[in-house]
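The values are calculated or read from the model by the stated rules, or taken from the named source; none is laboratory data. On a predicted model such as this, the values are computed, not experimentally measured, just so you know. Note: ideal-geometry Cβ built from the backbone for every residue, glycine included; neighbour counts use all protein chains shown. We work out accessible area using only protein heavy atoms, side chains counted, and drop any ligands, DNA or RNA first. Shrake-Rupley method; radii C 1.70, N 1.55, O 1.52, S 1.80 Å.
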Amino acid sequence: MGETEWSELDFESYAGARWRRLVRTAYLLTGDHHEAEDLVQATLAKVFRNWSGIRRLDDPDAYVHRAMVNNNRSRYRRQRVLHLLTPTPPDRADENRDAGPETRSLLLQALAGLPPRQRAVVVLRFWEDMSERQVADVLGCSPGNVKSQASRGLQKLRTHPALASHLPAADLEGAGPR
């Protein structure tokens, strides 16, 4: 939605319209459904305080995604605890309908093994289908950094033991830079 459309909506409408997508993205960042919901709630609580200014931005979604990634980084630094992943995400992306639960579970396991920055880039770039520029804006880095983090993250996913035994390399080839 453009600036005009969101500026007319109140915060409750915005949060309600984006909740499922934000929880799905947070799940991919945290690996735990409960922590994902907590992360989204904490992020939306912070966004609410400044909603009058945020809703006037050209892309409030980019601001919210950046806030969520930053909150997750802070959470990760504080806790540094390995979490077990549940077998399925809370909301499946339409692009992954054909992947079976076992494949999705293996992919989530492999994502959990990526460093936080690479994981954020891979999730935002390929799961949320953001452009390199959008991911760079969300993460506060250059598009070149997004490209290198994506490349390194995809390489790690391609060679992850859990994926290597179940997915031919060609299955991840399409996940390269667009």
Could you check the simple spin-label distance between E102 and A17, using points 7 Å along Cα→Cβ, in nm with one decimal? 4.1
Using the basic label-point model (7 angstrom from Cα toward the beta carbon), what is the L57 to R152 distance in nanometres? 2.6
How much accessible surface area, in Å² rounded to 10, belongs to the heavy atoms of S148 with a 1.4 Å probe? 40
